[in-house]
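First the structure, in the form of structure tokens, and then the observations on it.
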Amino acid sequence: MPSPLLEVANVAFRYGDRRALDGVSFSVDEGELFGLLGPNGGGKTTLFRLVATLLPLQDGSIRLGGVDLARQPDDVRRLIGVTFQSPSLDGKLTIRENLVHQGQLYGLFGPALAERVGACAQAVGVADRLSDRAETLSGGLKRRVEIAKSLLHAPRVLVLDEPTTGLDPGVRNDLWEFLFALRRDHNVTILVTTHLMDEAEHCDRLAILDRGRIVALGTPAGLRSEIGGECLTIRTSQPAALAARLTDHFHVEPRVLDDALRIEHAQALNLLRDIAAAFGDEIAALSISKPTLEDVFLARTGRRFVDSDV
């Protein structure tokens, strides 16, 4: 059985007294699209910076293609392509000029550089726009050119930090279709950070991070299946009091979330009917839904998936 392409083992990191990562471990196989999902403050950006060699390792280990990141960071940099959340194009330069300057940073010149610029432009679908200034491109095309920059040195792993930030929903979907094609047609392994649940659903596997720890790891479908039923949401003016009565009456364990209760149950529709009949005068609204990654986060942490600076 082949070894994973990326191995992260017991990684911990502190900013002063604040622990940003606490014993994080996971692996990514070659050709996999792996996601790091978490609220702001969960630790995913710190982990991105460590994998991208932007921060020094403090504890634990990271190996990429068998290369130890702490001991051979330059070798790791040759194996990864990095696309940052913040824009990195020079708007006054053409697409070709942006790509050429990036390639020269990796020691590419002459015919070899020209070949890589053409190949990467073709891969991201901008081969016919090489003479256009970057400032004239749409947000989606700019992001594609940034990805092309990170592919010039033919990396084994493409690492992207919140790649759809600032893009409208239609462009976001187009960018994900592009990433699928990039993996399929060029066998690029992709590691992506996101705080968007719908984007995490696109990943082959994902790690859900919260407060510096991995709280769930697996395929999106596999994680959702662990909920063990459908999810019933009850809105009420006295959630704590109603939760106690539901526990006594139906032997369930509602979670109190602001003005709502959340119950996971294998027979949620029947339970909804029975709760409405028994406590209808205390209920403002009832709804039922299939489990989502939000429910996975809630089940593992007891809290909603919200942005946090913790």
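The values are calculated or read from the model by the stated rules, or taken from the named source; none is laboratory data. Since we're looking at a predicted model, the values are computed, not measured. Virtual Cβ from ideal backbone geometry, glycine too; neighbours counted across all protein chains shown.
Structure notes:
- Total residues in segment 65-99, condition modelled with pLDDT of 95 or more and hydroxyl-bearing (Ser, Thr, Tyr): 1
- Residue in segment 165-184 that is under 23 Å from Gly65 (Cα atoms) and either surrounded by 18 or more Cβ atoms within 10 Å (Cβ to Cβ) or of a type in the set (Val, Ile, Thr) (or both) present: yes
- Residue count for segment 216-241 satisfying the condition of being aliphatic (A, V, I, L, M) and more than 20 Å from Arg303 (Cβ to Cβ): 2.
- Of the numbered criteria (1) surrounded by 13 or more Cβ atoms within 10 Å (Cβ to Cβ); (2) closer than 30 Å to Arg116 by Cα, the one Asn187 fails is (1).
- For segment 73-88, filtered to residues that are free of Cβ contacts under 8 Å to residues at least 60 places away in the same chain and part of a loop (DSSP other than H, G, I, E, B), the residue that is farthest from Leu54 (Cα to Cα) is Pro87.
- Screening His153 with (1) crowded, with 22+ Cβ neighbours inside 10 Å; (2) more than 20 Å from the chain's Cα centre (by Cα) gives one miss only, at (1).
- Answer residue from segment 102-145, given it is part of a helix (DSSP H, G or I) and among the β-branched types (Val, Ile, Thr) and is surrounded by the fewest Cβ atoms within 10 Å (Cβ to Cβ) among those: Thr136
- Residue in segment 265-273 that is assigned to a loop (DSSP other than H, G, I, E, B) and closer than 30 Å to Gly35 by Cα present: yes
- Considering only residues in segment 187-238 that are of a type in the set (S, T, N, Q) and under 15 Å from the mean Cα position of the chain (by Cα), the one that is farthest from Glu282 (Cα to Cα) turns out to be Thr189.
- Ala181 meets each of the listed conditions (1) part of a helix (DSSP H, G or I); (2) of a type in the set (A, V, I, L, M, F, W, C); (3) in contact with a strand residue (DSSP E or B) (Cβ under 9 Å, 6 or more places away or on another chain) apart from (3).
- If the condition is being touching a Ser or Thr at 6+ places or on another chain (Cβ under 7 Å) and in contact (Cβ under 8 Å) with a residue 40 or more places away in the chain, then segment 119-133 contributes only Arg133.
- Condition met for Arg205 (among the basic types (Lys, Arg), assigned by TED's automatic domain parsing to the domain that holds Ala276 and closer than 21 Å to Ala299 by Cα): no
- Of the residues making up segment 24-72, those that are of a type in the set (Ser, Thr, Tyr) and either within 20 Å of Leu206 (Cβ to Cβ) or part of a helix (DSSP H, G or I) (or both) number 4.
- Residue list for segment 247-264, restricted to those being in a helix (DSSP H, G or I) and either farther than 22 Å from Thr301 by Cα or touching a residue at least 40 places away in the same chain (Cβ under 8 Å) (or both): Asp248, His249, Phe250
- Answer residue from segment 99-136, given it is polar (S, T, N, Q) and under 27 Å from the mean Cα position of the chain (by Cα) and is nearest to Val188 (Cα to Cα) among those: Gln122
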